[in-house]
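Here the structure is laid out as C-alpha cells; the discussion comes afterwards.
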Amino acid sequence: MVKRLAAVIALGLLALIILPLITDIGPLDELGIAANKYVDMAVKELGVQNVVTAVLVTYRGLDTIGEVAVLFIATTGIGFVLRKKNSRGWKPRKREQSEILHVSGRFLLPIIVIFSIYVFTHGHLSPGGGFQGGVILASSILLLFLSNSLFEVNHDIMRALETIPGFVYVLMGFLGMVLSAGFLDSRLLPLGKTGMLFSAGTIPIIYSLIGLKVGAELSAILDSLGGES
Amino acid sequence: MILVMIISLGLAMLVSAGVAVYSRNLVVAVIASGIIGLFASVIYLILSAPDVAMAEAAIGSGLTTVIFLLALKRIGVEEDNDG
Amino acid sequence: MTIAIIIGFVLFFFGLFAVLTRKNLIKMIIGFSIMNNGVHLIMVAIGYIEGNTAPILDKHHIRREAVQMVVDPIPSALVLTAIVIGLAVTSLMLAYAVMLYRKRKSLSIDDYEDLKC
C-alpha cells in the first residue's frame, strides 16, 4: 500500500514537470524548415512520390542502418538465449490438425507472399515500404507454423536471406560515396520517370533488401520462441 | 466529428489498458494489450499518417500479441496470483 | 491535436505506474508495451496540421503547392523506426523472462533478490 502511494506521488511530480510541454505546444500552422525542404525537394531531386520513404532511406539513411543493426542484435540475442540442445522445431500436436486450417493455409500462403512483395517494392509510390512488407512476410511463415505441425525452418536459407541483404545494403552505401554525392546517396542509378516502378535510383532496391532482411529476422524470432518448454 | 471519433477511440484504449494491467488471467491481459495497438492504428489513420498505421497494425496488434502468447505457452503459467 | 497528446500522456503514465507497482514479470512487460504505445501517439499527434492530407504526392494539384497541403513527414519516419525497435526490445525481454522461469520456477520479482545489498 505504501509502495503504491509512493509510486503515485512520484508520477504526480513527474507529470508536474512535464506539464508545460502539453500547454505550450499549440497546433502547428505550417511546416518547419527541414520538413519544408524535404517536401519541396522530394519529387524534384529524388523522383520519389512518398515523402516518408525519401526521409527514411535518403535524407536520414544513417538512422535506418542503425535500426537494421538493432534488429539484428536483438535476433541474435534471442537465438542465443533460447538455444536448444536437440532442436526439433515446434512440438508436434497431440490433437488432430484442423482440416480447415490445413487447407486454407496452403491456399493463402502464396497470396500473402505476393502481397508482401508488392508492399515493399512499391514503397516509393504508395504507403508502405520495407518494414511493413517484412512483417507481412513473417506473418506468412507464422501461418505455415500454425497450419502444419511438421514444418521446420531451413536454417541455411534463413541465414543467407539475413546476411546477404545486409552486406549489399552497406556496399551500396559505399558505392554512393565513390560514384555519387555521399554515403547512401540514392542517385547512383538513373532516376527515370517519376511514378514508374523502376525509378528513383536505388530506393526500390534498398527497400527490397530491407524487407527480405526484416522478414527473415522476425521469422527466426518466431522459430526460436516456439519450442518445447 | 473528428474530435468525437478520437475521444471515443482514446477512451476505448484507456479502458483496455486498465483491463490489461488489472486482470488476473494472463491470456486476457495479453489480448487486451493487442487491442490497444488496433485502436492506435485507427487513430494514426485519422491523423493522416498511413505508413505508421500500416506498421502499427501489423506489428503492434499482430506480431506482439503472437510473441507474448508463444512465450506464455513456453512458460506454462496462466494465472497471476501475486497481484 | 491537443486531445491526442493528452491521451498519449495518460497512457504513458499508466504504463509507468504498471511497471512500478506490479509484481508479475509478464505484467511489467505489458506495462512497458503500453508506455511505447503512448509515446508513439504523442509523436504522431505533434506533427498533425489541421485540414491537411497525407504526405504522398501523386496527383499534380498536390505537387504544385505541396508545402501548404501536407502533414509533417518527419515524425512519421521517426515513429516507424521506434515501432520496430519496440518490438525487438519486447521480444528480448520475453526471452529473458522464459529463461528466468526455467531457472527458478517463479514469475514474481520478490523471489529474485540476488542484486539487493
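The values are calculated or read from the model by the stated rules, or taken from the named source; none is laboratory data. The structure presented is a predicted model; accordingly, all values stated were derived computationally and were not measured. Here the Cβ is made from the backbone with ideal geometry for all residues, glycine too, and neighbour counts use every protein chain on show.
Can you say whether residue A:74 is surrounded by fewer than 16 Cβ atoms within 10 Å (Cβ to Cβ) and part of a helix (DSSP H, G or I), as far as the supplied structure shows?
Against the criterion (surrounded by fewer than 16 Cβ atoms within 10 Å (Cβ to Cβ) and part of a helix (DSSP H, G or I)), residue A:74 does not qualify.
Just checking, how many residues over region C:11-37 are free of Cβ contacts under 8 Å to residues at least 40 places away in the same chain, within 18 Å of residue B:68 (Cβ to Cβ) and not hydrophobic (A, V, I, L, M, F, W, C)?
The qualifying residues number 5.
Can you find even one residue in region B:50-73 that is β-branched (Val, Ile, Thr), under 25 Å from residue B:2 (Cα atoms) and more than 14 Å from chain A (Cβ to nearest Cβ)?
No, every residue in region B:50-73 fails to be β-branched (Val, Ile, Thr), under 25 Å from residue B:2 (Cα atoms) and more than 14 Å from chain A (Cβ to nearest Cβ).
Among the residues of region A:26-67, count how many are more than 23 Å from the chain's Cα centre (by Cα) and assigned to a loop (DSSP other than H, G, I, E, B).
The qualifying residues number 6.
Is it the case that region A:159-179 has a residue that's closer than 30 Å to residue B:62 by Cα, of a type in the set (Lys, Arg), crowded, with 23+ Cβ neighbours inside 10 Å and modelled with pLDDT of 80 or more?
No; the residues of region A:159-179 include none that is closer than 30 Å to residue B:62 by Cα, of a type in the set (Lys, Arg), crowded, with 23+ Cβ neighbours inside 10 Å and modelled with pLDDT of 80 or more.
Counting only residues that are closer than 15 Å to residue A:35 by Cβ and under 15 Å from the mean Cα position of the chain (by Cα), give me the helices (runs of 4 or more DSSP H) lying completely in region C:1-84 with at least 1 of them.
C:25-46
If we scan region B:22-38, do we find a residue that is in contact with an Asp or Glu (Cβ under 7 Å, 6 or more places away or on another chain) and within 23 Å of residue A:136 (Cα to Cα)?
Yes, region B:22-38 contains at least one residue that is in contact with an Asp or Glu (Cβ under 7 Å, 6 or more places away or on another chain) and within 23 Å of residue A:136 (Cα to Cα).
Looking for whichever is surrounded by 19 or more Cβ atoms within 10 Å (Cβ to Cβ) and under 27 Å from residue C:46 (Cα atoms) here; the options are B:40, B:29. Which one fits?
None of the other options fit; the residue is B:40.
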